[in-house]
Every structure is written in C-alpha cells, then in structure tokens.
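No value in this document is a laboratory result; all are computed from the given coordinates. Model, not experiment: these values are computed from the prediction. In this analysis, Cβ positions are derived from the backbone assuming ideal geometry, glycine residues included, and neighbour counts consider all displayed protein chains.
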Amino acid sequence: MDYRIINASHAYLDGLEQLEQQCFTDPWTREQLSASFPDEHHAFLLAVDSQDNVLGYVAMIYVLDEGSISNVAVDSRFRKQGIGDALLIAMLENARRLSLSFVTLEVRESNDAAISLYAKRGFVPVGKRKNYYEHPKEDAVLMTLYL
C-alpha cells in the first residue's frame, strides 16, 4: 500500500472525523481534533494515500521532556499493513528530536494487537488505570517508553 506520513492540518478534518467515528466508541470532536494539531505542545501525524484520504493518525501532547500519546488510529480496511507501526515510528522520531525523556500511553487491556505493537517499539507496562475506558467499561494498561 502506498501512503505518506504528514503533519495534520485542517484540510484533513473531514477524514479525521470519519476515522474517529469508525475507530472509537467515544470519538473526539472536530474541535478536539483540531486543538491537537501541531503546535508548541502537540505533534499530530497522518498517514494519507495518493488521493489524500486519511488512513490513520497518531497524536501526542508534550510538556518539558514528557510526551503522552493520546490516540493512535488506523482505518479498519487498512490494518495489518504496517501503517500503525510507521506512524508510531515517525512519532517516536519526533519525540527524540524534541529531546523527550519518555513517552507514555494508555491502551485497552483487551487490545492485544495494540499492546503487541507498542511492546515491539519498546514500550513496557508500568501500571493500570482502573475503569479508564467507557463503552465498554475497561481498565487501561499504562505503557512507557524511556528514550
């Protein structure tokens, strides 16, 4: 599959909003998405195809030397093709350029595919957040990558 990774911008909001609806039971709003676009505290990368359709994204907020990946999403039609991994690699390269000390994220306890992907990139479980997710109610595994 042919795609490129770019910084998010308002031109992609419609595609991002559709992806949110597809991937999450509590999707972000347009306003939440655009508030996370790249600035002095946010990094937001998209995977887009040759027609500029949004295939996936990863968003991170950072303060001082700490990063927190807030969301990773890949269109269900394009999963298991390396897009999520490529987005994660690109975001971690961003984190290193920003001289972050570590990056954390939360993941549903039942999401074995995502946990495996994060572990492959060096994230380790460091705790749990009880009842972190709604619809359905579920604990989150807190994972950290020390840079």
Span from the the range 76-114 Cα centroid across to the the range 43-69 one, whole angstrom: 9 Å
Prolate/oblate/rounded call for the chain, Cα gyration tensor, a/c under 1.5 rounded: rounded
Rough spin-label spacing in nm, given labels placed 7 Å along Cα→Cβ, for E31 and S50: 4.0 nm
Calculated FRET value between E134 and R79, using beta carbons and R₀ = 22 Å, to 0.05: 0.45
Low-density loop cleavage sites - GluC sites (Glu not before Pro) in the range 104-147, where at most 16 other Cβ are within 10 Å (DSSP): E109, E134
FRET E, pair E109, Q22, Förster distance 25 Å, beta-carbon r, rounded to 0.05: 0.70
Ellipticity estimate at 222 nm from DSSP helix runs (n ≥ 4, -39,500 (n - 2.57)) divided over the chain, nearest 500: -8500 deg cm²/dmol
Ranked list, fewest to most other Cβ atoms within 10 Å of each Cβ, for S50, S34: S50, S34
Cα lying deepest toward the dipole's positive end in the chain, options A114, P27, Q51, charges on Cβ: A114
Cα-based shape type of the range 81-124, given that a ≥ b ≥ c are square roots of the gyration tensor eigenvalues and the cut on a/c is 1.5: oblate
Residue range of the chain that is longest and free of trypsin sites (Lys or Arg not before Pro) which are both DSSP loop and sparsely packed (at most 11 other C-beta within 10 Å): 1-79
Residues Y3, Y132, Y146 arranged by fewest to most Cβ contacts within 10 Å: Y146, Y132, Y3
The range 35-60 residues near the modelled H10 label - backbone nitrogen below 13 Å, point 7 Å along Cα→Cβ: 35, 37
Cα gyration tensor, the range 1-60 - rounded (a/c under 1.5), prolate or oblate: oblate
Using a Förster distance of 25 Å, the FRET efficiency for E93-S70 (Cβ separation, nearest 0.05): 0.90
